[in-house]
Amino acid sequence: MSSAEASDATRVARRDDAVRAALEQGLLTPDRPIVALLDVPGIRASAAALRAAFETVTAPGTPVLHAFAVKATPLVPVLRLLREEGIGAEVASPGELALARAAGIAPGRTVLDSPAKTPADLREALALGIAVNADSPQELDRIDAAVRSAATRSPLGIRVNPQVGGGSIGALSTATATSKFGVALRDEGARAWIVRAYADRPWLTRLHAHSGSQGMPLPLMARGVAETYALAEEINRHVGRRQVDTIDIGGGLPVDFGSDAMAPTYEQYARLLAEVTPGLFDGRYGLVTEFGRSLLAKHGTVLARVEYTKSAGGRAVAVTHAGVQVATRTVYAPGSWPLRIAAYDAKGRPKTGPDVVQDVAGPACFAGDLLAEGRPLPLLEQGDHVAALDTGAYYFAHHYAYNSLARPGVYGYAPAEGDPGATRFAVVRTPQTLTEIVTESGGAHTRSLTALQEIQPLRPTDESSPSGA
């Protein structure tokens, strides 16, 4: 067994222990039938692997910031854990910035990358010294005005779209010809405009591109980075000095949702980048990365109770408490976002027995609320449990309030010291209460609409009516 396979096996064993312990310790009960679990040692290991991969290919002394894409798992304790592992934050909204600040992530280790920054967003970022990448010429005009009116310590740059093409999931492809992100590098006149923009603004010192995401092949991602590097070189030649001193290569490393393997790895990607664009790592440029899904996906599990079982059309159906509210992408686009399902018995032990083709359904009131359709699994029974695997990013932290279903509690887990078979838990987010659901749904304004005075239509008077003039 290779070291990677051994690591994967250890992670699976840790997850199985956590599932059993979650039942034994009452995190999941008949009255609280869904819970989300995060593997803390696994998250730490992914952060360490990211740092090590780029340290291996980067010249000593090169400034490197790994900024976690907060959108992937916007939970303050997760951001704090990553901060302790040397990871900063990439934010795309005032809300995400507030989460990063609550986690104690310093402004100097934060990057703002929204395509729709308001004047207030820019003022706050520039006042704090947060790095900002302008997404369009109009946004750069706003930054021009802000820079003229106030001093700032913020590193500033432009986001470009290298237009190298898309991956297998169109909605997530950010480097297509018509992507909404960045300045389209191959559009007529765009490249010359970018070079001129830097020549006119000595304070523009960064260049940013994000070419990858789920479904994007590594060679195409590397090509996008190479295009960005070539543009930085062109700008610096044009201005006659090293004005662009940092290149932000974005994130988007795909995740293998078909197995427990951590693949592709950060090491594979970093080595590919070093082969394709060696000058990026020779120490002349600082480096920023913005990985999200690849840091957290493999370390999250949604565990739900099987409430009922039935059959329809000759197929077994297990009705569970995990569906569209925690796995929105999977339910609405199962072809792009299939999830692996693990079966556990009533005591949280891995379920055994011959595979039976069955559906794993969620609790929402529409027919398509399925975690898995026609999936071969040991036959699920009432009181068993299902685990939706690889859900640590873009799943339970992005609640979809269909049917006013409550957000599940989220707990981090790790082996108990001195007892490898035991698991301890920490609260990441408490389960949402019914009172909180009512409050979020306008409960404080129950009578506001019925008390609204009827607006009387305006009636012409002799003074306002043309006939009375």
task = Quickly run through the range 20-49 and pick out the residues that are in contact with a Pro (Cβ under 6 Å, 6 or more places away or on another chain) and either within 16 Å of A422 (Cα to Cα) or in a loop (DSSP other than H, G, I, E, B) (or both).
result = none
query = Pick from the range 316-355 the residues that are of a type in the set (V, I, T) and in contact with a Lys or Arg (Cβ under 8 Å, 6 or more places away or on another chain): which of them is nearest to V302 (Cα to Cα)?
reply = I341
ask   = In the range 24-48, what residues are farther than 15 Å from G88 by Cα and either of a type in the set (F, W, Y) or surrounded by fewer than 20 Cβ atoms within 10 Å (Cβ to Cβ) (or both)?
value = E24, Q25, G26, T29, P30, D31, R32, P33, P41, A45
message = Tell me yes or no: at least one residue of the range 320-336 is surrounded by fewer than 21 Cβ atoms within 10 Å (Cβ to Cβ), closer than 17 Å to A387 by Cβ and either in contact with a Gly (Cβ under 9 Å, 6 or more places away or on another chain) or among the aromatic types (F, W, Y) (or both).
response = no
remark   = When every residue in the range 397-407 that is out of contact with any Leu (no Cβ under 9 Å at 6 or more places or on another chain) and assigned to a loop (DSSP other than H, G, I, E, B) is compared, the one nearest to G251 (Cα to Cα) is H398
task = Those residues that are free of Cβ contacts under 8 Å to residues at least 12 places away in the same chain and of a type in the set (G, A, S), I need them from the range 414-454; list them, please.
result = A416, G418, G442, G443, A444, S448, A451
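Say we look at the range 129-138 and pick out the residues that are surrounded by fewer than 21 Cβ atoms within 10 Å (Cβ to Cβ) and touching a helix residue (DSSP H, G or I) at 6+ places or on another chain (Cβ under 9 Å); which of these is modelled with the highest pLDDT? Talk me through it step by step, then tell me what you get.
Our first condition is that a residue be surrounded by fewer than 21 Cβ atoms within 10 Å (Cβ to Cβ); within the range 129-138, this holds for 129, 136-138.
Imposing the further condition that a residue be touching a helix residue (DSSP H, G or I) at 6+ places or on another chain (Cβ under 9 Å) reduces the set to 129, 137.
On the way: G129: 97, P137: 92.
Residue satisfying both the conditions and the ranking: G129.
Taking the conditions exactly as written (under 23 Å from L82 (Cα atoms) and in contact (Cβ under 8 Å) with a residue 40 or more places away in the chain), does D17 satisfy them or not? Before you say what the answer is, go through the steps one by one.
Details: under 23 Å from L82 (Cα atoms): no; in contact (Cβ under 8 Å) with a residue 40 or more places away in the chain: yes.
Taking the combined requirement at face value, the residue does not satisfy it.
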query = Only one residue in A197, A232, A175, A192 is at negative phi, outside the structural domain of L339 (by TED's automatic domain parsing) and modelled with pLDDT under 85, so which one is that?
reply = A175
task = From (1) over 25 Å from the mean Cα position of the chain (by Cα); (2) in a helix (DSSP H, G or I), pick out the condition that doesn't hold for G61.
result = (2)
ask   = Inside the range 290-385, counting only strands (runs of 3 or more DSSP E) that do not spill past its ends, which hold 1 or more residues that are more than 21 Å from G409 (Cα to Cα) and among the small types (G, A, S)?
value = 300-312, 315-320, 370-378
note = Filtering the range 118-166 down to residues that are farther than 26 Å from L220 by Cα, acidic (D, E) and under 22 Å from the mean Cα position of the chain (by Cα) yields D121
key: Residue tally, condition under 32 Å from the mean Cα position of the chain (by Cα) and either of a type in the set (G, A, S) or outside any helix (DSSP H, G or I) (or both), over the range 219-242   = 5
note = Counting only residues that are of a type in the set (G, A, S) and crowded, with 18+ Cβ neighbours inside 10 Å, the range 8-23 contains a total of 3
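The values are calculated or read from the model by the stated rules, or taken from the named source; none is laboratory data. Computed from a predicted structure; not experimentally measured. Here the Cβ is made from the backbone with ideal geometry for all residues, glycine too, and neighbour counts use every protein chain on show.
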